[in-house]
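Q: Submitted below is the structure of interest, expressed as structure tokens.
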Amino acid sequence: MITITNECNIDLMKRYEDDFFDLTVTSPPYNLGVKHHTGNKIFNAYDDFIDDMPEIEYQKKQIQVLNELHRITKKGGSLMYNHKNRIRKGKQITPYEWLLKTDWTIKQEIVWFNGSQNFDKCRFYPMTERIYWLSKGINTEFINEINQHDLIKDNAVGTNKEHKRAFPLSLAERLIMCFPKSKKVFDPYLGSGTTAIASHNLKKDFVGCEISIKSYNNALKRLKQHQAQLTMF
């Protein structure tokens with residue numbers, strides 16, 4: 001069963017009991033500011049809410065979400081958390097600044113080379129993001145089914161000009177495949193719906209939520225189109 005909702009992730013998670021989900025695969029908004037650029041193109045981060053919190057508040061919010069995720073994850077369950085090192089006011093901010101303050105165990109850091117077209121000559125070109133494998137406890141049910149090393153090369157994608165940067169479907173599927181015993185998958189930052197489609201393809205039960213109504217509607221449309229195509233063929 002695939003369930004997606006348009007609501008605040010904290011509100012949704014509070015309705016779930018402890019130790020419910022096996023696996024979360026997610027990528028939160030990066031707090032990039034009102035505008036950011038990829039190559040020579042300037043984008044608004046989101047059209048219906050501002051991704052421009054004071055950094056200290058953003059990190060507090062991430063800690064709150066991550067700890068609530070920890071509560072509803074089964075012992076031995078995992079979170080694959082995609083984020084990146086950001087430059088704000090000329091200084092690098094690493095996700096470790098808040099990850100180390102959460103209840104999660106950090107199992108591994110994976111480098112995702114996504115070919116971002118960021119060519120600012122004021123620094124080495126930033127073309128990577130990070131996927132942090134976080135676990136609830138030390139013992140997990142991870143199996144490297146895809147024989148993947150800790151450098152993943154896979155281009156980020158857009159979805160019909162609606163969601164400017166998104167997980168490639170192949171990447172989401174590969175991450176989920178490494179947890180073959182996981183039955184219930186969650187994504188508190190659904191975005192364009194890639195994790196929902198990946199879970200559907202791999203026959204996992206899935207719950208996801210997205211606070212942006214525009215992104216939610218796009219994800220819902222994309223999921224329905226994908227399900228319809230599978231039915232046709």
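The values are calculated or read from the model by the stated rules, or taken from the named source; none is laboratory data. Note that the structure is a prediction, hence the values are computed from the model and not measured. As a convention, Cβ positions derive from the backbone with ideal geometry for all residues, glycine included, and neighbour counts pool all protein chains shown. For the accessible areas, the whole protein counts, side chains as well, though only heavy atoms, and no ligand, DNA or RNA atoms are used. Shrake-Rupley method; radii C 1.70, N 1.55, O 1.52, S 1.80 Å.
Q: Quick check: anything in the stretch 148-158 on the phi > 0 side of the Ramachandran plot, modelled with pLDDT under 95 and surrounded by fewer than 17 Cβ atoms within 10 Å (Cβ to Cβ)?
A: Checked against the condition, which is being on the phi > 0 side of the Ramachandran plot, modelled with pLDDT under 95 and surrounded by fewer than 17 Cβ atoms within 10 Å (Cβ to Cβ), the stretch 148-158 yields no hits at all.
Q: Return the pairs, sorted by first residue and then second, in which the second residue is of a type in the set (A, V, I, L, M) and open to solvent by less than 50 Å² (accessible area, probe 1.4 Å), the first residue lies in the stretch 144-158 and is in a loop (DSSP other than H, G, I, E, B), the beta carbons are less than 7 Å apart, and the residues are 6+ apart or on different chains.
A: Listed pairs, sorted by first residue: Asp150/Ile110; Asp150/Val111; Asp154/Leu171; Ala156/Ala166.
Q: Also: When the residues of the stretch 117-139 are filtered to those that are part of a loop (DSSP other than H, G, I, E, B) and in contact with a Phe, Trp or Tyr (Cβ under 8 Å, 6 or more places away or on another chain), which remaining residue is nearest to Ile63 (Cα to Cα)?
A: The selected residue is Lys136.
Q: Right, another one. Considering the stretch 62-88 alone, what residues qualify as being among the β-branched types (Val, Ile, Thr), touching a helix residue (DSSP H, G or I) at 6+ places or on another chain (Cβ under 7 Å) and either touching a residue at least 40 places away in the same chain (Cβ under 8 Å) or crowded, with 22+ Cβ neighbours inside 10 Å (or both)? Let's see the steps before the verdict.
A: The initial filter retains those residues of the stretch 62-88 that are among the β-branched types (Val, Ile, Thr), namely 63, 65, 72-73, 87.
Filter again for touching a helix residue (DSSP H, G or I) at 6+ places or on another chain (Cβ under 7 Å), leaving 63, 65, 72.
Residues satisfying the conditions are Val65, Ile72.
Q: Just to verify a result, which residue in the stretch 173-202, among those that are under 13 Å from the mean Cα position of the chain (by Cα) and without any contact (Cβ under 8 Å) to a residue 60 or more places away in the chain, is farthest from Val157 (Cα to Cα)?
A: For the stretch 173-202, the residue satisfying everything is Glu173.
Q: Among the residues that make up the stretch 189-206, is at least one of them crowded, with 18+ Cβ neighbours inside 10 Å, touching a helix residue (DSSP H, G or I) at 6+ places or on another chain (Cβ under 7 Å) and part of a strand (DSSP E or B)?
A: yes
Q: How about the stretch 1-51: which of its residues are open to solvent by less than 50 Å² (accessible area, probe 1.4 Å), at pLDDT 95 or above, in a loop (DSSP other than H, G, I, E, B) and of a type in the set (D, E, K, R)?
A: The answer is Glu7, and nothing else.
Q: So, one more: Consider Lys121 carefully, then state whether it is under 24 Å from Gly90 (Cβ atoms) and either small (Gly, Ala, Ser) or without any contact (Cβ under 8 Å) to a residue 40 or more places away in the chain (or both).
A: Judged against the criteria, Lys121 is a match.
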